[in-house]
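Before any comments, here is the structure.
None of the figures in this text is laboratory data; all of them are computed from the coordinates on show. Just so we're clear, the structure is a prediction, and the values are computed from it rather than from any experiment. Here the Cβ positions follow ideal geometry from the backbone for every residue, glycine too, while neighbour counts run over all protein chains shown.
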Amino acid sequence: MTADDTHSDNWVDELDIEQLSDEQLETIHDEIETELENRMQDADLADSRTIDLVNDQWVSWRELSAHPNLKAVKPWILRVTGLHDKYGVDGDWLDKQQIDGEYHMDVSDLKQEDIIKISGGSHNNRKHRYYRVTAFENGQLYYERISESETIEAVG
């Protein structure tokens with residue numbers, strides 16, 4: 001296909017896909033799916049917030065928390081795995097460690113699309129405390145804020 005062909009309205013017809021073998025069609029299909037997934041991920045990352053990780057593993061609780069006052073709140077991050085009658089959601093606590101005097105949580109077991117709940121947010125100050133992991137890349141965690149109702153819908 002030449003540069004002039006890219007602007008044609010019927011460029012799909014010009015491919016003459018009927019002449020391709022099954023193997024060639026499968027290869028093209030796989031390449032198209034991969035490209036679409038990459039484009040979706042790039043779009044997600046463009047809309048995501050980022051936070052630097054320490055040693056590609058530890059995330060600062062203070063930077064994610066809506067209310068990082070240690071006199072009022074215990075530092076924790078929960079990987080949401082399901083629903084809980086009393087607390088809304090249930091999950092697994094992330095390991096915690098102090099680094100340079102600040103609390104950090106181990107995010108090495110998290111995967112794309114995992115949802116985390118961060119201590120510190122409350123209904124009174126209307127700060128978000130649920131985040132969806134969108135990616136890990138170049139020593140950074142990419143995430144987006146989501147509401148409690150979105151969280152419950154996702155895990156329910």
**Asked** So if R0 is 25 Å, what FRET efficiency would Glu113 and Glu26 give, r being the distance between their Cβ atoms, rounded to the nearest 0.05?
**Response** 0.40
**Item:** Estimated FRET transfer efficiency (Ser149, Asn38; beta-carbon r; R0 41 Å; 0.05)
**Value:** 0.85
**Item:** Spin-label pair Asp90/Glu14, simplified geometry with 7 Å Cα→Cβ offset, distance in nm
**Value:** 5.8 nm
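According to the Cα gyration tensor, what semi-axes, each the square root of 5 times an eigenvalue, does the equivalent ellipsoid of the range 49-155 have, listed from largest to smallest in whole Å?
On the way: eigenvalues 81, 58, 30 Å².
Ellipsoid half-lengths, sorted descending, are 20, 17, 12 Å.
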